[in-house]
Each structure stands twice: as structure tokens, then as C-alpha cells.
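The structure appears below as C-alpha cells.
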Amino acid sequence: MVPKCVVDGRDVGAASVGTDDPGGHPVHHVGDRDPARGPARPADQRPRLADDRHQSLRASLEWSYALLNPQKQALLRRLSVLSDDFGPDAAAAIASDLPAPATAIPRLLIGLEAKSVITALTDTSGPTRFRLLESIRCFGHDRLIAEDEETGAYERLVSWLTAMCLPLHGEAVVPSATLERPRKSAPT
């Protein structure tokens, strides 16, 4: 018996059943259901019905990026140098070159989170932290390079990390004089 193919309650013809699957499972060939439509075509040869922005991940990211205002675009590009989750302090440090005041950074972060560009982490016990999906981070980094802002962003990141480590320097680093071995005195 040939199974019927019903779509939205309408009979659109019979579908052939074969065992083209390597596992021997039956496979329904929907393209064979209506002789007027002809055989099924591979996905890459079918007409595309979706908008261009839905054709690839990059096209979708470019479309979403274009919807951001210039301040949010600039912040996203700078956030791409952070490889892990981050807080507002890190975002403010790497975006310190932006014309927006440092007090605007939380508002910009909330705006990026509202557009699902960044994600707020809910499992932190301290201040809110955020993260970028890797695909968005890579896209932002590509835009950072295209805008020739990469060197400045990394310099601000290194400066901020260095400033954070300075208080530890006095406690964790042993002065070199302490490590020097006492010299043996010459026999008299």
C-alpha cells in the first residue's frame, strides 16, 4: 500500500516509499507525490523564499548589526576582545575611547542585552556579568579589524588588566634582593 501525503488536511498525492537510507529505514520521497511538480530537487537548487538576512548566519549578524546605533556598534566591536564573560568595569575600560561617558556603558550594555547581542549571566552571586556568543564575538572582531580599531582595543585591555594587577604586585612579587643568595666571604 502506498501511503498518502497529507499537508494541512489536503491530500497532495501519494509519496513513494523506498529503502534509500543506509540503515534500511523507509524513506518517503515527497517530490514524487505529484507528477505535475516533478521530482524533488536538492535543497541548494530550490528557490529561496526567505529574505537575504535569513540565508546565512553572517547575513543575519550583519542585518542585526546594522540595526544597532553607532555607540552600540562600537561597544560590540570592543567587547569582541574579551574572550570570556565580563562585567561592566571591563566594558567601560575597553570602551574608554568612545565619546559616550563611562556612565553610559551600563545603558549600552542593557541595550545590547535587550537586542540579544550579549547575554546577562544569572548564576553570578556578585555584580551582573555578561557574555558574547562565540559567533557574535567573531563577527564583532571582524568588524573591529575592518574599522582599524583592533590595536587600540587590545592596548586598553592590557592597560586595564595591568592596573588591576598592580595592587597584587607588592604582595605577590618577592623583591629580587630577597632572592639573591648571600655571597660566600673569602677565607681570611
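Brief remarks follow.
- Residues whose amide H comes within less than 5 Å of that of E149, counting only those at least five positions distant or on another chain, are absent (H built at 1.01 Å from N in the peptide plane).
- Per-q log10 I(q)/I(0), segment 54-169, q = 0.11 Å⁻¹ (Debye; single scatterer per alpha-carbon; no solvent): -0.35
Computed from the coordinates by the stated procedures, all read-outs in this text should not be read as laboratory data. Please read these numbers as outputs of a predicted model, since none were measured by experiment.
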